[in-house]
Each structure stands twice: as C-alpha cells, then as structure tokens.
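> Got a structure for you, questions after.
All of the numbers you see were taken from the coordinates with simple rules; none came from a lab. Predicted model only: the values in this text are computed from it and were never measured. Positions of Cβ are generated from backbone atoms using ideal geometry, with glycine treated the same way; all protein chains shown enter the neighbour counts.
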Amino acid sequence: MSLFAGAWPMLRKEFVHLRRDPGTVIFALLIPVIQLIIFGFALNMNVRQIPTVVYDQAPSQRSRELIARFRSTDTFALVAQVTSDAELEHEIRRGRAQAALKIPFDYADRVLAGRGATVQLLVDGSDSTVSSAALNVFNALILLENQRLTRAGSPIVEARPAVLFNPATRSPNFFVPGLVAALVQIMVIILVALSVVRERERGTLEQLTVTPVQPLGVMLGKMIPYVTLGFVEICWVLLIMRVVFAVPIHGSLATLLLLAVPFLVASAGIGLLISTRAHSQAEAFQMAFGTMLPSIFLSGYIFPINNMPPQFQLVSNIIPTTYFIEVTRGVILRGAGLADLWTNGAVLTAMALAAVGLAARQFHRRLS
Amino acid sequence: MPPVIETREISVRFGAFTAVDRVNLTVDRGEVFGLLGPNGSGKTTLIKSLCGLVKISGGEGRLLGLDVHRESPAIRRRIGYMSQRFGLYEDLTARENLEFYSGVYGLTAERYARRLASVVELTAITPYLDRRASQLSGGWKQRLALGCAIVHEPEVVFLDEPTAGIDPVARRALWDLVFQLSGQGVTFLVTTHYMDEAERCGRVGYLYNSTMVAMGTVGELKRLPAANPPGTARYEITCPNITETLATVRALPFVREATIFGQSIHALVDAAAAPALATATRVDPRPIEPSLEDVFVTLTNRILADRSAL
C-alpha cells in the first residue's frame, strides 16, 4: 500500500468543502488583499502632517518667513496659533498637537543683529516615530534657514529641540500603552461573539427563545462578564507595564479606568453584532479577525494616523481602539486628565450605545 | 374550558415553500398527542410555530386559550419545549442546568427548592446531579432536558423527537415519565418516528407533505377506510425463505403492498385473492388488522397515487 493512500479522495473532498463554504475562501482571499491595501497605501513610516501649534511671541517679517518654511514642508501641519506656554502645553497634552514651534520675542532682533537667535521645537515624545521625525526635519529646516540668512560664517539661528513626556523616547513607553487597548478590544470582541454563537450551535439559544428571557436580558448577561474580564485584563496589563517595562503612569489611573468602561462596552457590543451575523464559531472567529486588522493597523497603535490617506483616516475614526489608544497614551505618558480627554470618552460612549443598540435590534429580530 | 392546543387552518410559509399547510388540531388537557410523519413533513415547524419560534403565515393557533402570536409572552411561562438538540449546557452540571432554567423562568428560591426536589424525584437523576451534562449518557441527558423543560411546571410540553438515538430502556423510562406527568394534567405534543411510541399516544396525527392527512386514536386510524380500501384485505404470511417470498408476493398482480415484519410478510391484497395468495406462497395467509405503520404507508401511497392520477 502506498504511503500516500487516500490522498486523492481526501484532496477532492477538501475542495468540495471549500466550494460549500464560501466564507472560508473569501476569508483566505480577502484578508490578504485588505492587509496589502492597508500596508501598501495606508501605512507609511514616513511621518507626514504632524499637527503642530505655533507660539510666535512677537510676530515679525522674520518669524513669518520661518513659519512659512515650516508650512511648506509636508512634515508639519500647522493647526493653530497659541499665545502662551500654558496653552501650548495644553494643546499637546490633550493630543491636539504633537509638536509646537516656539519663536521667542527677540527672534527678529537677533537675526538682524546676525547672532544668537534661537527657535524652540517642543515635541510630544509619546510617539517615538513622530518625535524623531519632527526633530530631524526641524534641525534640517533651521539649517536651511541659516543658509538663507548667511551666505557664510557662523550660523545665526540656533535650533533648540525639546522632547516632552517621554524624554528618553523609549519605545516601550510608546507601544505598551497602545497594546493595552488593541489587545483588550480583540479579546472582548472574540469572547462575546463566541459565547453567543456557541449557544446557537448547541441549540440552547433556541431553547432560551421559548422562555420568558428578553433580548436585553440575554445581551446584558453576555456582556457584563466579558466587560468585567476585559477590565481585569486592563488592570493586569497596566500592572505588567508598570512593573516589567517600568513605564510610569503620569496621569490618573481612575480617569483611565473610567474611560475604559465605554470602550469595553463598545467592544462587547461589536462582539454581539458579530454574533448575530455568524452561524458558526469559525465564522464568528473570522469576522472578529476582520475587525482585528484595522484595530491594530489603522488605530494609530503602530502607524501614525496622520500619515494615512483620508479614506483610511475615516476608517480609523470608527474604531473604538483609536480613541482608547489616545486615552491610554494621554493618561500614561502625558498625564492628561478627564478635561483633556472627555471628547474621547464621549465618542466611546456614543460608540458603545450605537453598537449595543444595533445588536439589540438584531437580537430582537432573532429572538422574537 | 378551552382545549389546551387549538389550531385553525394554521400555515407556515418560508418564501415559496409551505412547511405547514392549513392544519387543524385540537388537544385537550392531560392528553398525550403523537405527531407522526416523514422527515420534512412539517412536524418540527408546527411545534415551533406553536412555541412562537417561527411566525405563522396564516390561520390561527391558540395555546391555553391564548393567541400564540399576539400573546406569546404570556404563553412562554406556561409551556415547556424540548428540541431535538436538548438545549442543555454541556459544561454545567445537571443541578446547574436545572438551576439556570428555573432562574430564567423567574422561580423564587423557595419554589426552586421545591421544584428541584420534585423534578429530581420524578427523573430519578439524584446520582448524577453533580455530574456535567456532557458526561451523561443519551438517556440521562434526555431526562435532564425534560426536567429542565418542566422545572417551571408548564401546562403544555412540546417534545420534538425526544427519544431519537437513545436505547429502548431509556425510551421506556422517558415515556413512563411523560405519562406520569400527563396523569397530573400536563398536556403533551410529541413527535416521533417510532410506531410503538405512537401506539402509546392517546391520539395521533399523521402529517404528510405539510398537511395533516389523518388524525384520531390508534384504533380509529386502523379502521380508517383510506387505510383499508374497500375490496382489500390484509394478510400475514409466515414462511422460512422470507426475502424470496417477498419478491414473489410483490410480483403478484392482486398484491397492492407487501413488506417484511420480523419473521413474516404483511400484504395488502384484493379481498377475493386470498386463495391465490396461498397457492403462490404455499403457506396459509392469516388475516390481520393493519398496524399503525401499515396505515401510514397505505395513506402515503394513496396520496402519491392520487397525485400522479391528476
């Protein structure tokens, strides 16, 4: 008997399985395409359009020329003018800007005098890719400005970069807080979706349908345990981050945990939505995997959102992880408080309500 | 008092397919009604439509005097349903399953304690109470599932093929349980493929191709003119070489139906042909009344013949 006896009928049967299960084929063929598109078009390690605020202490012809030079690059996107150091720091802390160009009041005078002018660039170090790119381009721009101002001799303008919040630009400080959000979302979505679909597969969901159980009752009973588990997981990962990776938490842990609640509920709601569409656990897992790719690649976890084409930025805007990553980085690295992050909390709450509401409608249709 | 189950011209359609076609059914309190029919004849759909699991497309269904569609929430507390797939949580123990379902039906702790005691006594599941459902044999699973379906003391219980795939002893135990409950006034609607089970039921209905083609007590069905066409008679032929004889019998022009029953052949023949049958088989045929299976086979053949005649 041949070592390969049975290979041919097995192989033929397997192709029949594939033909009968279009979901798997679509999964196999579509996921790489999505990945390719995301990697090819959306993800770019070249940093572009860093949101930047300008603090020009004494607007003049000279300072306007310098600002124009910044504006003409693709690296910086000037989003606002600020009028004080406090305002400047606030804009960065709340995540609206990742860099700030500060031109001192004596800049024009010193340029005219031909010596001793300084320009400061303050960079948010919580994203190490962005901060190092910003610093490089900043140095280059000042070099160019010096060349323009003086044909020869010693440079007039001195670049003074400063990294805020993560001065050592350690990469765990950047990656671990983002990972908390990405991991927990995937886990909660998968666990909730599977727990419902498992009941459908085993017939217990149908059994429940003839009992007085209400759709919202089923949903709450399914969500609360996994939201709790997700909450414990967040605490656990934060503890590891603090102890093993020595990433300090600058802001208030209470703020972080408070904003984790709508994030977890939104994730559980997405899990429920998947469960209303999936017929088997395998299908539910595939769908959950489908949400995993964008929440890792388009949420700003690894690749800055500002670098993505607008269509992809739209996608990243509807992923809960995007908002929760801003929260974790804001609180952990920049010490942001509820006052800085309430918009993220509001968006997450809206997402939680929308996901649970949609799931409730689907459940109602299925259960009655 | 209104009948416990009452349908008038009830129909269920899925797109172009009619799964239940204008079925009329009345079941009184304490009855055990058997629903028979080939696979796909609409038995499960009929049960599901009564339990509110599928929408009724036409006609009317009433349980305990309540409309199954409009008054579904009020009905749910008063009915029990056991599907072909048990509806047990395999990783929970028997006790945890009972506890869960009693919680779902909103039983108070006190009532649960009372119900647990009585369900445990009824099903004799005490030795397995703390065993996981996945570790129970098919028969015990079935009993536990029935226990879960009656933990809230329903007045009507729907059993969809409750004994499929379990051994004869467990089957008998389950039926004993059903009759014990029906003695207490619980009404049962049970689907089955087993004729011996059907014979136990007070009344049976035969669904064929989505329509109820016959309904009544087992005795009534056996005397049904459609099952005993005028001018025919049923005989039992007992002989040693049964398979060859069957072929011979089937080839005879006056034999309408013939099938093997254990060690003998049951044949439906033209009434006048008994001597010819004896000659052909060289045995004395013994006249018999039709079994329930004979009734259903004859009914089915007649419907098929009528249809092809059209």
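> Which of the lysines could be linked to B:LYS48 by a straight reach, that is with a Cα gap under 20 Å, when you skip same-chain ones fewer than 8 residues away?
Partners within reach: none.
> Which ordering of B:ASP306, A:ASP124, A:ASP85 is given by a fewest-first count of other beta-carbon atoms within 10 Å?
B:ASP306, A:ASP85, A:ASP124
> Can you pull the one-decimal nm distance between simple spin-label points at A:ARG160 and B:GLU9, each 7 Å off the Cα toward Cβ?
So the two model labels end up 9.3 nm from each other.
> If you take the Cα Rg of chain B and divide it by 2.2 N^0.38 Å, with N the number of residues, what do you get?
Relative to the 2.2 N^0.38 Å estimate, chain B comes out at 1.15.
> Calculate, axis by axis, the spread of Cα positions in the protein assembly as shown along the three principal axes, and write the results as whole Å, longest axis first.
Principal-axis extents of the protein assembly as shown (Cα, largest first): 136, 64, 51 Å.
> If you restrict to DSSP beta bridges whose two residues both lie in chain A, what percentage is antiparallel, to the nearest 5?
20 percent
> Tell me which lysines have Cα within less than 22 Å of B:LYS43's Cα, excluding those fewer than 8 residues away on the same chain?
Straight-line reach from B:LYS43, under 22 Å: B:LYS55, B:LYS222.
> Next question, about the same structure. Along Cα→Cβ, 7 Å out, is where each label goes; now give me the distance between the ones at B:ASP196 and B:ILE288 in nm to one decimal.
Between B:ASP196 and B:ILE288, the simple spin-label model gives 1.5 nm.
> Three principal axis extents, largest first, for the C-alpha atoms of region B:18-111, in Å?
For region B:18-111, the Cα extents along the three principal axes come out at 42, 29, 25 Å.
> Can you pull a Stokes-Einstein diffusion coefficient for region A:169-322 at 37 °C (0.692 mPa s), Rh from Kirkwood over Cα pairs, as a whole number of µm²/s?
On the way: Rh = 16.7 Å.
It diffuses with D of about 196 µm²/s by this estimate.
> GluC sites (Glu not before Pro) within region B:79-130: which are DSSP loop residues with at most 15 other Cβ atoms inside 10 Å?
Counting only loop positions with at most 15 other Cβ atoms within 10 Å, the GluC sites (Glu not before Pro) in region B:79-130 are B:GLU90.
> Sort B:HIS193, B:HIS152, A:HIS279 so that the residue with the fewest other Cβ atoms within 10 Å of its own Cβ comes first and the one with the most comes last.
Listed from fewest to most nearby Cβ atoms, that is A:HIS279, B:HIS193, B:HIS152.
> Over all alpha-carbon pairs in region A:313-368, figure out the percentage whose distance exceeds 15 Å.
Of all Cα-Cα distances in region A:313-368, 57 percent exceed 15 Å.
> Can you give the extra length, in nm with one decimal, that the chain gains between A:ARG115 and A:HIS364 once fully stretched, where that is 0.36 nm per residue apart less the Cα-Cα distance?
82.2 nm
> Can I ask one more? Please give the residues of region B:273-306, grouped as numeric ranges, whose backbone N is less than 19 Å from a label point set 7 Å along the Cα-to-Cβ vector of B:ARG22.
Of the residues in region B:273-306, B:303-304, B:306 have backbone N under 19 Å from the label point off B:ARG22.
> Let me ask another. For B:ASP176, A:ASP127, A:ASP21, what ranking results if the residue with the fewest other Cβ atoms within 10 Å of its Cβ goes first?
Least to most surrounded, the residues fall as B:ASP176, A:ASP21, A:ASP127.
> Another question, then. For the pair B:LEU122 and A:SER132, how long in nm is the line joining their label points, each one 7 Å along Cα→Cβ?
Result for the modelled spin labels: 7.2 nm.
> Considering only A:LEU191, A:ALA336, A:HIS279, whose Cα is most displaced toward the positive end of the charge dipole of region A:171-367, charges sitting on Cβ of Lys, Arg (+1) and Asp, Glu (-1)?
Sorting the options by dipole projection puts first A:HIS279.
> Could you let me know the centre-to-centre spacing of region B:249-297 and region B:1-32, using Cα atoms, in angstrom?
36 Å
> I would also like to ask the following. Hey, quick one: spin label on B:THR279, modelled 7 Å out along Cα-Cβ, who in region B:238-264 has an amide N within reach, i.e. under 13 Å?
B:253-254
> Counting partner chain Cβ atoms within 10 Å of every residue's Cβ in B:82-95, what's the average?
Neighbouring Cβ atoms belonging to other protein chains average 3 per residue here.
> Sticking with this one: Want the number for A:LEU258 to A:ARG202: 0.36 nm per residue separation, take away the alpha-carbon distance, what's left?
16.5 nm
> For B:SER264, what residues show an amide H to amide H distance below 5 Å, using hydrogens built from the backbone and excluding near sequence neighbours?
Distant-sequence amide H within range of B:SER264: zero hits.
> In terms of the Cα gyration tensor, with a ≥ b ≥ c the square roots of its eigenvalues, is region B:87-203 rounded because a/c is under 1.5, prolate because a/b exceeds b/c, or oblate?
Oblate, since a/c reaches 1.5 and b/c is not below a/b.
> Would you look at the GNM of chain A, springs on alpha carbons closer than 10 Å, and say which of A:THR150, A:THR52, A:THR129 moves the most?
Highest fluctuation among the options: A:THR150.
> What FRET efficiency do you get for B:ARG95 and A:LEU353 if R0 is 35 Å and r is their Cβ-Cβ distance, rounded to the nearest 0.05? Each step should come with its number before you reach the end.
Working: r = 38 Å, r/R0 = 1.09.
Using R0 = 35 Å, I get an efficiency of 0.35.
> Percent of Cα-Cα pairs more than 22 Å apart in region A:134-228, please.
Roughly 62 percent, once rounded to a whole number.
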